[in-house]
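*Asks:* So that we are looking at the same thing, I have put the structure below in structure tokens.
The values are calculated or read from the model by the stated rules, or taken from the named source; none is laboratory data. Note that the coordinates shown come from a computational prediction; the quantities given were computed from them, not determined experimentally. Positions of Cβ are backbone-derived with ideal geometry, glycine not excepted, and every protein chain shown enters the neighbour counts.
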Amino acid sequence: MSKDYYKILGVEKNASDDEIKKAFRKIAHKYHPDKQDGDEKKFKEANEAYQVLSNKDKRAQYDRFGSARPNMGGGQGFGGFDFSGFQNGGGFDFGDIDLGDLFGGGFGRRQRQRRGADMQMRIEISFIDAVFGVEKTINLDHAKTCSDCNGTGAQSSSAMTTCPECNGQGQVQSQVMGIFATVTDCPTCEGRGEVPKDKCTTCKGAGITREKDTIEFNIPAGIKNGDTLRISGRGQAVKGGPSGDLFVQVLVQPHTMFKRNGLDLILDHEISMSDAVLGVTHKITMLDDSKLDIKIPAGTNHGTALRVAGKGIIIDRAKGNLLINIKISIPKKLSKKAKEAMEVLQQEGY
């Protein structure tokens, strides 16, 4: 079926080349598939129309025979236009239209500030340090901003000159696959627009040096196993941009007695049968080596959980509790006197 290319572009049949070009630019800007609200089908249709109407010979043939005439589109007909040619560097031509302009600033024209790479590492701490917090020191071998030139790469702060490749623009334009122009950071000045007149003797103009660094940081109270701390600006340095961040994953070693559930501390505490029956007060040594008196009431059963409010993990104003799980120890052997006492209890139904 013949297509009305003039209608697709929204122009009259007597439209000038400039009007056709402007119409295509408007439609391509609106429907380009790389845009979030783009429409590949409409973009392909508009491009097909522009390929014909922007070519004097093809336009004349179209005006006489319509779009159904074979081989008008370079051997495959307009109905067989393959958009993948645009993505993979096909040979169709957009004339002097810079597709970079379709986005009001174009492909690659937004200069992105360079940023150093992030770093990751793990550190092990004790259960006690996780509960109360601790200050740690780690050693890193990473890229740091050169202290002699402050990252400029120049011998002195004033020894900079205009980049000869980009003439101080910080960007250069190039043709990609013969389809559209793209603007990228200048490889010589790395987007800064200036280069050192005399390179820094310490970093050889790189702006960064490889050094061993000692980093001190605080691990907050109450941190959990597997939590990750972010230390801003202590990752890899890069010339002309901020350093990356350092991410430290904290692994907490288990405690021999205490466990945790959220902010609550959990402790298994073993008592004798007589203590369970008669009741008793025991002293418990806490994580900070302080002593806490725990009253175990008479008739306590095995598995009973005693709760001591506010004696768990403290984070700012939030306080957890101490949960004591009572375990009753059953003796395997009894003295004659103890056995007789137990038999008496048994006779009485206890």
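*Asks:* Scan the stretch 288-308 for residues that are surrounded by fewer than 10 Cβ atoms within 10 Å (Cβ to Cβ), part of a loop (DSSP other than H, G, I, E, B) and in contact with a strand residue (DSSP E or B) (Cβ under 8 Å, 6 or more places away or on another chain) and jot them down.
*Replies:* 301, 303
*Asks:* Same structure, new question: Please identify the pairs in which a residue from the stretch 339-350 that is without any contact (Cβ under 8 Å) to a residue 12 or more places away in the chain has its Cβ atom under 8 Å from the Cβ atom of a residue that is in a loop (DSSP other than H, G, I, E, B), counting only partners at least 6 apart or on another chain.
*Replies:* Note: pairs meeting the criteria are 342/334.
*Asks:* Pick out the one residue from 211, 270 that is part of a strand (DSSP E or B), among the acidic types (Asp, Glu) and in the same structural domain as residue 166 (by TED's automatic domain parsing).
*Replies:* Criteria check complete, one pass: 211.
*Asks:* Can you confirm whether residue 101 is among the acidic types (Asp, Glu), modelled with pLDDT under 80 and surrounded by fewer than 13 Cβ atoms within 10 Å (Cβ to Cβ)?
*Replies:* no
*Asks:* When only residues in the stretch 235-249 that are in a strand (DSSP E or B) and touching a strand residue (DSSP E or B) at 6+ places or on another chain (Cβ under 6 Å) count, which is farthest from residue 115 (Cα to Cα)?
*Replies:* Filtering first and then ranking leaves 249.
*Asks:* Here's a follow-up. Being charged (D, E, K, R), in a strand (DSSP E or B) and out of contact with any strand residue (DSSP E or B) (no Cβ under 6 Å at 6 or more places or on another chain) narrows it down to one residue among 230, 260; which is it?
*Replies:* Checking each option against the conditions leaves just 260.
*Asks:* With the condition kept exactly as written, say whether any residue in the stretch 131-150 is over 27 Å from residue 229 (Cβ atoms), modelled with pLDDT under 90 and touching an Asp or Glu at 6+ places or on another chain (Cβ under 7 Å).
*Replies:* No, every residue in the stretch 131-150 fails to be over 27 Å from residue 229 (Cβ atoms), modelled with pLDDT under 90 and touching an Asp or Glu at 6+ places or on another chain (Cβ under 7 Å).
Okay, residues lined up against (1) closer than 30 Å to residue 122 by Cα; (2) without any contact (Cβ under 8 Å) to a residue 60 or more places away in the chain; (3) out of contact with any helix residue (DSSP H, G or I) (no Cβ under 8 Å at 6 or more places or on another chain):
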residue	(1), (2), (3)
168	no, yes, yes
196	no, yes, yes
206	yes, no, yes
211	yes, no, yes
223	yes, no, no
234	yes, no, yes
244	yes, no, yes
250	yes, no, no
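*Asks:* Please find, within the stretch 309-340, the residue that is farthest from the chain's Cα centre (by Cα) out of those that are under 30 Å from residue 132 (Cα atoms) and of a type in the set (S, T, N, Q).
*Replies:* Of everything passing the filter in the stretch 309-340, 325 is farthest from the chain's Cα centre (by Cα).
*Asks:* Moving on. Scan the stretch 309-350 for residues that are in contact with a Leu (Cβ under 9 Å, 6 or more places away or on another chain), surrounded by 11 or more Cβ atoms within 10 Å (Cβ to Cβ) and hydrophobic (A, V, I, L, M, F, W, C) and jot them down.
*Replies:* Passing the criteria: 313, 314, 315, 318, 322, 323, 324, 326, 341, 342.
*Asks:* Next question. What is the residue count in the stretch 186-205 for residues that are surrounded by 18 or more Cβ atoms within 10 Å (Cβ to Cβ) and closer than 13 Å to residue 147 by Cβ?
*Replies:* Total meeting the criteria: 2.
*Asks:* Restricting attention to the stretch 34-90, which residues are modelled with pLDDT of 70 or more and among the acidic types (Asp, Glu)?
*Replies:* Residues satisfying the conditions are 37, 39, 40, 45, 48, 57, 63.
*Asks:* I'm told residue 43 meets every condition in (1) surrounded by fewer than 20 Cβ atoms within 10 Å (Cβ to Cβ); (2) of a type outside the set (Gly, Ala, Ser); (3) in a helix (DSSP H, G or I) except one. Can you identify the failing condition by its number?
*Replies:* If we test residue 43 against (1) surrounded by fewer than 20 Cβ atoms within 10 Å (Cβ to Cβ); (2) of a type outside the set (Gly, Ala, Ser); (3) in a helix (DSSP H, G or I), just (1) comes out false.
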